[in-house]
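Have a look at the structure below before the remarks.
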Amino acid sequence: MAPTPNPRVIYKAVPKEYPIPGEHLVYESDSASIDLDNVDLHGGALVRTVYISLDPYLRGTLRDPSVQSYRAANPLGKPMKSRTISKVIRSEDPDFKSGDYVLSLSSDWSLHAVLTKANGLSKLQKPTNASLSTYAGVLGMPGLTAFLSLRAFGRLKAGETLFVSTAAGVVGSVVAQLAKLAGLKVIGSTGDDSKVEWLKEELKLDVAFNYKTTKVADVLREHGPIDIYYDNVGGETLDVAFQHINKFGRVILCGFASEYNKGDRPSYGIKNLSSQTISKTLSINGFVISDITDKEGLDAFEKEYRPLVEKGQIKYQETRYQGLEKTPEAFLAMFKGQNFGKTVVVVSDE
């Protein structure tokens, strides 16, 4: 077969603030091609991308490579990479055959790709009563992040109070629901009134509010104090949470969305961190999910958590964008708060 176009999204320039489609991330429909019958598989598999997973941590890969971080910078001029769900076209690896669905931990934003186990390739079984796309969300890394971090650092106790920021996001919403199932009072913040309604009506949070129209301090003053703060935003919200947390409280630092696109603006400084932490005997834990993932945790995820999703006890939202060309737009919208729950790009049909 003659080579066919292989559309892709290229990382063109380092953004100071928000990543702009067509400037920092560029869709190219015909700049690359692939011979589907003859391309070298290097012992791996040729796949067709079905879903691309978009997650806030990817913003940190759009940086100058001289800036060190826990995740490597994406090379300029090369396709963006993230987790993908794909269908195998042909394979040289005996663990994968044509027609299998696979998850890759690092694959190009392109229609086709050659992947090996070095890309973190693993076979997927379609979940019960759910789309394969849930492996990018509640049954994937975000769900694992929520489950394992609460398990490692939360020490959940019925009757206590947990506050989670970005509560309508996939990680935040799973944290909120796991806490409710454990008998905690849950307070959640989000940036949109329709999301507030979902948190109240569908997830049954005790308190949900729009942080853009209601001050976090006012809510925690009325409905706190809190015992656990699960932080996805950093900045002023984290600072306020320290002021309204009980003795022996736990602070779990998962993300810092308020800092991702700040450009040259100075970071928000936490006030009185030492005095709050010492006087209240607080536990503060930041983490990278790979550092707290072990066999025991993965087994618990499968046995304890996965059935909750498949039985509908863990609810979730997805925002889907149709077509690879929509990926830069979807990436920007995620940081603008225009998504609801997990953001996935549908590249091709399952």
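The values are calculated or read from the model by the stated rules, or taken from the named source; none is laboratory data. If you're wondering where the values come from, they're calculated on a predicted model, not measured in any experiment. Glycine gets a Cβ as well: all are built from the backbone with ideal geometry, and neighbour counts include every protein chain shown.
So, in the stretch 235-254, of the ones that are of a type in the set (A, V, I, L, M) and either farther than 24 Å from Arg265 by Cβ or not in a helix (DSSP H, G or I) (or both), which residue ends up nearest to the chain's Cα centre (by Cα)? Applying the filter and picking the extreme gives Leu253.
Under the condition of being in a helix (DSSP H, G or I) and under 25 Å from the mean Cα position of the chain (by Cα), which residue from the stretch 200-232 is farthest from Glu160 (Cα to Cα)? Don't jump to the end; show me each part of the working.
Here is the first cut: in the stretch 200-232, the ones in a helix (DSSP H, G or I) are 200-201, 216-223.
Checking the rest, the ones that are also under 25 Å from the mean Cα position of the chain (by Cα) come to 200-201, 216.
Values: Lys200: 19, Glu201: 21, Val216: 19 Å.
So, considering only residues that are in a helix (DSSP H, G or I) and under 25 Å from the mean Cα position of the chain (by Cα), the one farthest from Glu160 (Cα to Cα) is Glu201.
Take the residues in the stretch 141-159 that are surrounded by fewer than 21 Cβ atoms within 10 Å (Cβ to Cβ) and not hydrophobic (A, V, I, L, M, F, W, C); name whichever of them is farthest from His223 (Cα to Cα). The extreme case among them is Arg151. The residues on offer are Gly263, Gly234, and the sole one that is buried (at least 17 other Cβ atoms within 10 Å of the Cβ) and assigned by TED's automatic domain parsing to the domain that holds Leu162 is Gly234. Among the conditions (1) touching a Ser or Thr at 6+ places or on another chain (Cβ under 6 Å); (2) more than 29 Å from Tyr305 (Cα to Cα), the only one that Ile52 does not satisfy is (2). For the stretch 319-328, a residue qualifies if it is of a type outside the set (Ser, Thr, Tyr) and either in contact with a His (Cβ under 6 Å, 6 or more places away or on another chain) or surrounded by fewer than 18 Cβ atoms within 10 Å (Cβ to Cβ) (or both), and the qualifying residues are Arg320, Gln322, Gly323, Glu325. Scanning the stretch 65-88 for residues that are surrounded by fewer than 18 Cβ atoms within 10 Å (Cβ to Cβ), among the hydrophobic types (A, V, I, L, M, F, W, C) and touching a residue at least 12 places away in the same chain (Cβ under 8 Å) turns up Ala73, Leu76.
Residues in the stretch 105-135 that are more than 12 Å from Thr84 (Cα to Cα), touching a helix residue (DSSP H, G or I) at 6+ places or on another chain (Cβ under 7 Å), of a type outside the set (Gly, Ala, Ser) and surrounded by 16 or more Cβ atoms within 10 Å (Cβ to Cβ): Pro127 only.
Name the residues in the stretch 183-199 that are aliphatic (A, V, I, L, M) and either outside the structural domain of Val233 (by TED's automatic domain parsing) or assigned to a loop (DSSP other than H, G, I, E, B) (or both), would you?
Initial filter on the stretch 183-199 (aliphatic (A, V, I, L, M)): 184, 186-187, 196, 199.
Hit for the stretch 183-199 is Leu184, nothing else.
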